[in-house]
1. By the scheme Lys and Arg +1, Asp and Glu -1, what is the net charge of all other residues having a beta-carbon under 15 Å from that of Tyr163?
2. Only bridges with both residues in the chain count here: give the DSSP antiparallel percent, nearest 5.
3. Describe numerically, in nm with one decimal, the distance between label points set 7 Å from Cα along Cα→Cβ at Ser157 and at Val29.
4. Might you report the magnitude of the Cβ-based charge dipole of the stretch 33-158 about its Cα centre, with Lys and Arg at +1 and Asp and Glu at -1, to the nearest 20 debye?
5. Distance between Cα centroids, the stretch 109-164 to the stretch 30-66: provide it in whole Å.
6. If I fit a long axis through the Cα atoms of helix 73-85 and take the longest principal axis of the Cα atoms of the chain, what angle between them do I get, 0 to 90°, rounded to 10?
7. Taking the Cα atoms of the stretch 58-213 alone, what are Rg (to one decimal) and Dmax (as a whole number) in Å?
8. Mind checking which lysines have their Cα closer than 25 Å to the Cα of Lys38? Skip sequence neighbours fewer than 8 apart in that chain.
Amino acid sequence: MENIIVFGAGEFGTLVTNVLSYIDQYQIVAFGDDDRQKAGQTLAGLPVFSTVDIFEFAETKKITTAIMAIGNNRARAEKYELFKNRGFKLISIIHPQALIDTAVTFGDNVIIEMGTAIHTHSTIGNNVFLGGDALIGHHNIIGDNVLVGGNASFGGSVIVDDYATIGVGSAIKPGVHIGANAVVGVGAAVVQDVPENAVVVGVPAKQISENKT
């Protein structure tokens, strides 16, 4: 069994802990978090360290494997790069009740929750979170640092660029292209391409603002 650090001691940390509880290959030994108020506390009976202290702990314990459990795409990407540059192996985890079809590929630090289904010939990038019961159609291409909320449904041949956020319960028409850093609101029905940085909501989805983060 391989010891692992989970960075993120909030709700996403508990989600990742739950998925890891089904995977015998890894054993969580500690959590890290940017929130200094969480440092010194425990989560799931394990210690929570600050960003600086988690690296000291890892070096002392000779731990070189980690996973980023952060909801915000930018923050998750920042920590992904930090750990990667320090030589950590960033693992991907799949809930045993997720369904992954043939010819599906995905990168590092991909978290796939219970009930998610990914159809054939789809590609998932690095540092992606797929919420529970999400449906990813065939021949989808999902970029890096993307978050897909639970129960979101993608038709075939959808493209989602880096840093996009897809809201819970949204539906994406086949062949639609979601631009980088775009935000699709909860329950939106996307029937046409979404520009980079656009925030779209409603049925059918319409742009209401820009995502400036």
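Please treat every number below as a calculation from the coordinates, not as lab data. Values in this document were obtained by computation on a predicted structure and should not be read as measured data. Because the Cβ atoms are built from the backbone with ideal geometry, glycine has one as well, and the counts that use them run over all protein chains shown.
1. Once positives and negatives cancel, what remains is -3.
2. Numbers: 6 of 50 bridges.
Once the DSSP bridges in the chain are tallied, antiparallel ones form about 10 percent.
3. Taking the simple label geometry, Ser157 and Val29 are separated by 4.9 nm.
4. Details: 10 positive and 13 negative charges, 42 e Å.
Around 200 debye, computed over the stretch 33-158.
5. The distance from the Cα centre of the stretch 109-164 to that of the stretch 30-66 comes to 29 Å.
6. The angle comes out near 50 degrees.
7. Rg and Dmax of the stretch 58-213, Cα atoms, are 15.4, 54 Å.
8. Lys61, Lys62, Lys79, Lys84, Lys89
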